[in-house]
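K.L.:
Quick one: structure below, then a few questions.
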Amino acid sequence: MTPLKPILPYLVSLLLWGAALEAARLFFGPALAPGPLEVLKTLGTLAYSGELFRELGLTVKRALYGVLLANLAGGVLGLLAGRFRLVLDHSAPLVAGLQSCPPVVWIALVMVLSGTGSLVPVATVAAATLPFVFSNAAQGVMGLNRRIILMSRLYKVPPLRRLLRFTLPGILPFYLAGLSTVLSTAWKASAVAEFMGSSDGAGARIYWCYSRLDMEGLQAWALSMIILGLSLEALLITPLRKKAAEISARGL
Amino acid sequence: MELIGAAGVKKSFGERQVLADCSISVKAGEVVLLLGPSGYGKSTFLEILAGIGQPDSGSVRVQGEASFLFQDDALIPWLTAAGNLSYVLPRGWSRKTRADGISRWLSLFSLDEDDKPPLMSGGMRRRLSLARTFILERPVLILDEPFAFLDRHWHSQVASLLNGEAEKGRCAILAGHSVNPELLEECGKRLRVLPLKESPLSIPADLGREADASAGDAERPRSLRKEGEDDGGSG
């Protein structure tokens, strides 16, 4: 295997992206469709000034706060729903309702109640991801082998040992698999909410570029978000999925 | 001394009655085989005796604690064979006692300590499950189809272990579909066979009690054997 082989698909994608920009430039003209070199130059300027990392960091931070809130509410409710049928029966319609609600509803509602700011993306991410966290936590608990629970009671297995060797390894794969899905969508929901309801963050920067018709800036922010998405996938989401599969096979 | 006593146990699941009226008494040193076809409620009755199922009515008394062999093994798939045994050991056991116990029972059942249940054959999983049942050395053994998935060599080994436990003053009650020749041979007079012919399951008090003079006569259960029942497929 040549050293280039692992990065070859990325290079091909980059070339295709450059070709698409060039084609758009020829079709729309340079004012509306800047070429790849101009976009890369703008991206470099944003990175050099620190603005790129500050704004992307803010978007990711808000997404993480939203996911944290969703985990606190949806995770606890999901665990209880998995354990107690009554909680599941009574909370499932509400969670299904949340799941069918498009994020734009949350953005509009929070903007009316709190104005623009960090709360809009945080609350939007929390509301959009809570149903996933809930259902994965509930499925994790419901997937625990009932016979092993009975066996543990019969042999009076100490609670901590039961938690570490049976319950957590049984639930965590579901939870981590769900978390990886949640994380991969959370930062995108955060950026959309910033676009509509915040004055800072990468989503808001895209809005400013759009409103001023700064097409080089718009393309640079778009490219930065693609890179962010790929980086999160490689550094966080894929390892989480691997960990979930590992726990499923080997335990904690 | 009676180690297991049950009287008038009844159980239904919804409209379906599974246990009509079951009474039994098992004394120290006895091995009792509940003999009947699938779906007769043997497992339900054993679960109630073990305390992991609740009867609708009737009473159950178990002297000391019971070990239970689950029909479906109930092994933790991500733990190794050693891990599955270690999981049930009491906190009070020293590290050495635990290690010795695990090593002894794995060795007795020819199991590798690092093997995990999903990679084991049905017979290996059953042996691991049996090892977990025996390792605690509880006075009462309740075994749901202990011979399922095992070949004749292991039938003899398990029957011999059961006889050894009974000799130590413990007792065992098992469920199976046929009389196992190895069990007859190993346990001899200690073995009492209760042929179950009714569904919902009914064990009258006089059948469930140990008969006096002829109790455990090995010739009696032998007569229950039919052609082809000793071919290693009994459960």
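Bear in mind that the values in this text are calculations on the coordinates, not laboratory data. Every value quoted in this text rests on a predicted model; they were computed, and no experiment measured them. For neighbour counting, all protein chains shown are included, and Cβ atoms are generated from backbone atoms with ideal geometry for every residue, glycine included.
K.L.:
Tell me what chain A gives for mean residue ellipticity at 222 nm when only DSSP H runs of n ≥ 4 count, each as -39,500 (n - 2.57), the sum divided by the residue total, rounded to 500 deg cm²/dmol.
P.N.:
Result for chain A, helices only: -26000 deg cm²/dmol.
K.L.:
What is the distance in Å between the Cα centres of segment B:116-136 and segment A:1-62?
P.N.:
Spelled out, the Cα-based centre of one part sits 57 Å from the other.
K.L.:
Given R₀ = 30 Å, what would the calculated FRET efficiency be for A:ARG85 paired with B:GLN17, taking r from the Cβ atoms and rounding to 0.05?
P.N.:
Details: r = 24 Å, r/R0 = 0.81.
It comes out at approximately 0.80.
K.L.:
At a temperature of 25 °C and a viscosity of 0.890 mPa s, determine how fast segment B:81-137 diffuses translationally according to Stokes-Einstein, using the Kirkwood radius over alpha-carbon pairs as Rh; express D in µm²/s, rounded to the nearest whole number.
P.N.:
Diffusion coefficient, whole number: 219 µm²/s.
K.L.:
Taking a virtual spin label 7 Å from the Cα of A:LEU37 along the C-beta vector, which residues in segment A:7-27 bring their backbone nitrogen under 18 Å of it?
P.N.:
Answer for this model: A:15-27.
K.L.:
Which of B:SER110, B:SER178, B:SER160 moves most in a GNM of chain B, Cα contacts under 10 Å?
P.N.:
B:SER110
K.L.:
Describe numerically, in nm with one decimal, the distance between label points set 7 Å from Cα along Cα→Cβ at A:VAL76 and at A:LEU213.
P.N.:
Using points 7 Å along Cα→Cβ, the separation is 5.2 nm.
K.L.:
May I pose another question? Run the helix sum for chain B: -39,500 (n - 2.57) per DSSP H stretch of 4+ residues, divided by residue count, reported at 222 nm to the nearest 500 deg cm²/dmol.
P.N.:
Theoretical 222 nm ellipticity from helices: -9500 deg cm²/dmol.
K.L.:
On a 0 to 90 degree scale, rounded to 10, what angle separates helix A:103-114 from the longest Cα axis of chain A?
P.N.:
Tilt of helix A:103-114: around 90 degrees.
K.L.:
Given a 10 angstrom Cα cut-off, can you work out which residue in B:PRO118, B:PRO90, B:PRO181 is the most mobile in a GNM of chain B?
P.N.:
Looking only at B:PRO118, B:PRO90, B:PRO181, the largest GNM fluctuation is found for B:PRO90.
K.L.:
Same structure, new question: Suppose every Lys and Arg Cβ carries +1 and every Asp and Glu Cβ carries -1, with no other charges. What dipole size does segment B:117-157 come out with about its Cα centre, to the nearest 20 debye?
P.N.:
The calculation lands at about 100 debye.
K.L.:
Lys and Arg at +1, Asp and Glu at -1: add these up for the other residues within a Cβ distance under 14 Å of A:GLU194 and post the number.
P.N.:
+3
K.L.:
Please give, to one decimal in nm, the separation of the simple spin-label points placed at B:SER121 and B:GLU167, each 7 Å out from Cα toward the Cβ.
P.N.:
About 2.9 nm, to one decimal.
K.L.:
Under a point-charge model restricted to the Cβ atoms of Lys and Arg (+1) and Asp and Glu (-1), what is the dipole moment magnitude of chain A relative to its Cα centre, in debye to the nearest 20? Walk me through the intermediate numbers first.
P.N.:
Working: 22 positive and 11 negative charges, 344 e Å.
I would put it at about 1660 debye.
K.L.:
Tilt of helix A:202-211 relative to the longest C-alpha principal axis of chain A, in degrees (0 to 90, nearest 10)?
P.N.:
30
K.L.:
Viscosity 1.306 mPa s, temperature 10 °C: Stokes-Einstein D of the protein assembly as shown from its Kirkwood Cα radius, in µm² per second? Provide the component values of the computation, followed by the final result.
P.N.:
On the way: Rh = 27.3 Å.
For these conditions, the coefficient is 58 µm²/s.
K.L.:
Would you calculate the separation in nanometres between label points at A:LEU168 and B:SER57, each defined as 7 Å from the Cα along the Cα-to-beta-carbon direction?
P.N.:
Label at A:LEU168, label at B:SER57, 4.7 nm between them.
K.L.:
Hey, for a label at A:GLN99 modelled as a point 7 Å past Cα toward Cβ, could you say which residues of segment A:124-138 have their backbone N under 16 Å away?
P.N.:
Label zone hits: A:127-138.
K.L.:
Further question: Be a star and scan segment A:54-93 for residues whose amide nitrogen sits under 16 Å from the point 7 Å along the Cα-to-Cβ vector of A:LEU235.
P.N.:
Counting backbone N atoms under 16 Å from the label point, the list is A:54-64.
K.L.:
Then there is this: I need the trypsin sites (Lys or Arg not before Pro) found in segment B:162-209, filtered to DSSP loop residues with at most 14 other beta carbons within 10 Å of theirs.
P.N.:
Values: sites: B:LYS168, B:ARG170, B:LYS189, B:ARG190, B:ARG192, B:LYS197, B:ARG209; in loops: B:LYS168, B:ARG170, B:LYS197, B:ARG209.
Hits after loop and neighbour filter: B:LYS168, B:LYS197.
K.L.:
Please go through the residue pairs A:LYS5/A:LYS41; B:LYS11/B:LYS116; A:LYS156/B:LYS116; B:LYS42/B:LYS116; B:LYS96/B:LYS189; A:LYS156/B:LYS10 and name each one whose alpha carbons sit more than 31 Å apart in this structure.
P.N.:
B:LYS11/B:LYS116; B:LYS96/B:LYS189
K.L.:
Could I ask something else about it? Calculate, in nm to one decimal, what A:LYS61 and A:ALA20 gain on full extension: separation in residues at 0.36 nm each, minus their alpha carbon distance. Spell out each step's value before the answer.
P.N.:
Numbers: separation 41, 0.36 × 41 = 14.76 nm, distance 3.17 nm.
Result for the pair: 11.6 nm of gain on full extension.
K.L.:
In nm, what is the difference between 0.36 nm times the number of residues separating A:LEU160 and A:ALA245 and their Cα-Cα distance?
P.N.:
Working it through step by step, the gained length comes to 28.3 nm.
K.L.:
Given R₀ = 22 Å, what would the calculated FRET efficiency be for A:THR185 paired with A:ALA92, taking r from the Cβ atoms and rounding to 0.05? Write out the running numbers ahead of the final one.
P.N.:
Values: r = 21 Å, r/R0 = 0.96.
According to the calculation, E is roughly 0.55.
K.L.:
Take the Cα pairs of segment A:51-250, get the Kirkwood Rh, then feed it into Stokes-Einstein at 25 °C and 0.890 mPa s and tell me D in µm²/s.
P.N.:
In µm²/s, the coefficient rounds to 135.
K.L.:
Separate question: Nearest 0.05, what FRET efficiency do A:LEU68 and A:VAL112 give at R0 = 22 Å with Cβ-Cβ as r?
P.N.:
Taking R0 as 22 Å, the efficiency between A:LEU68 and A:VAL112 is 0.35.
K.L.:
Can you give the net charge of the other residues whose Cβ lies under 11 Å from the Cβ of B:PRO77, counting K and R as +1 and D and E as -1?
P.N.:
Summing Lys/Arg as +1 and Asp/Glu as -1 gives +2.
K.L.:
Here's another thing I want to ask about it. Most fluctuating residue of A:LEU236, A:LEU32, A:LEU160 in a GNM of chain A with Cα springs under 10 Å: which is it?
P.N.:
A:LEU160
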